[in-house]
Amino acid sequence: MGNRELLEFVEELARGGGGILRKSYGRRQTIHFKGEINLVTDVDRESEGYILGRIRERFPDHGLLSEESPERRSPSPYRWIVDPLDGTTNYAHGYPCFCVSVAVEHEGAVVAGAVYDPLLDESFTATRGGGAFRNGERIAVSKIADLRKSLLATGFAYDVKTSTDDNFDYFRAFVLTGQAIRRDGSAALDLCYLACGRFDGFWELKLKPWDTAAGLLVLHEAGGVSTRLDGGSYDIHQPDLLASNGLIHAQMAEVLRKAKK
Ligand code: IPD
Ligand code: CA
Ligand code: CA
């Protein structure tokens, strides 16, 4: 199957899951806690149930990796990577910043991905080698080349209250060196905002494949760059990510190197 055909289905799933999130947005949620501040809502599970159900129906032999379910391993070269609600804390508080992220890998490389924000009705999509789009319009990273003029984004992991590997030193360093920082609470949207030039740089320490699989393909196809925080090569199974428009990447890496405890 071609990547374009796959993308049509990927986007349909992200929009379908997003519709489920939009329908229940603002209503009181039943919240289950996976950790002190790590939560999952019923709507997470409803969105996931819809997306995984559609994938199983159409591609019963494909592998599945989705945040709220055990991984389904498969000998198939295809594997789906799903975050049915990225920005769960925002969603639970009625803060309007969350999305659905759906990606599909072929032989270990993500070939199509979609990140859908149901409130703004913004769909970020990409296929490997085919460019990145926002609601069908081509997107590209910003041209800002000076860290001091850059709008940066980051996030804090759910173990921030108990782990010493906590991002505070890096946060402080970028407050002092960048123009400003946003902490919006949806890593998948952060990567897409970087891809379309709203942000210029992003870093985070403890991400999961479902947070980054689709957003990173969108970013790469929009001309963005990704590495680990130490400049080594990043893939979605690494926890720490430094991503940028490319032009400020070395400046960000230098700030991280100096701030490292
Ligand atoms: C979280 C969000 C957040 C990031 C966390 C993620 P979730 O995903 O992407 O921005 O800082 O690391 O776990 O739990 O809302 O799907
Ligand atoms: Ca997530
Ligand atoms: Ca999630």
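The values are calculated or read from the model by the stated rules, or taken from the named source; none is laboratory data. Computed from a predicted model, the values in this text were never measured in an experiment. With ideal geometry, Cβ positions are generated from the backbone for all residues, glycine too; neighbour counts draw on all protein chains shown. Quick note on the areas: whole protein, heavy atoms, side chains included, nothing else; ligands and nucleic acids left out. Shrake-Rupley method; radii C 1.70, N 1.55, O 1.52, S 1.80 Å.
Here are the numbers for the structure shown:
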read-out	value
Hull-based mean projected area of the chain, where the convex hull spans the alpha carbons, in square nanometres	12.9
Amide H partners (placed H, <5 Å) of HIS62, local residues excluded	none
In the stretch 158-200, the trypsin sites (Lys or Arg not before Pro) that fall in loop regions by DSSP, at most 12 other Cβ within 10 Å	LYS161
Once the Cα gyration tensor of the stretch 147-260 is diagonalised, semi-axes √(5λ) in Å	18, 17, 13
In order through the stretch 124-134: 3J(HN,Hα) via Karplus (6.51 cos²θ - 1.76 cosθ + 1.60), integer Hz, x for Gly, Pro	9, 9, 7, 10, 4, x, x, x, 10, 9, 10
Loop trypsin sites (Lys or Arg not before Pro), the stretch 41-117 (other Cβ atoms within 10 Å of the site Cβ: 16 or fewer; DSSP)	ARG73
Coordinate range along principal axes, alpha carbons of the stretch 1-132, Å, largest first	41, 30, 23
Of all accessible heavy-atom area on the chain, the percent that carbon and sulfur account for (1.4 Å)	50
Heavy atoms of ILE144: accessible area, 1.4 Å probe, square angstrom to 10	60
Once exposed loop GluC sites (Glu not before Pro) are cut out (DSSP; at most 13 other Cβ, 10 Å), longest piece of the chain	108-261
Net length gained if the chain between ARG72 and GLU12 were fully extended (0.36 nm per residue, minus Cα distance)	19.5 nm
In nm, spacing of pseudo-spin labels at ARG22 and ASP121 (7 Å Cα→C-beta vector)	0.6
Principal axis dimensions, the stretch 204-261 - Cα atoms, whole angstrom, descending	30, 23, 14
The stretch 55-181, accessible area per residue, ligands and nucleic acids excluded (1.4 Å, Å²)	47
Candidate lysines for bridging to LYS161, where Cα separation is under 26 Å - those fewer than 8 sequence places away on the same chain excluded	LYS34, LYS206, LYS208, LYS258, LYS260, LYS261
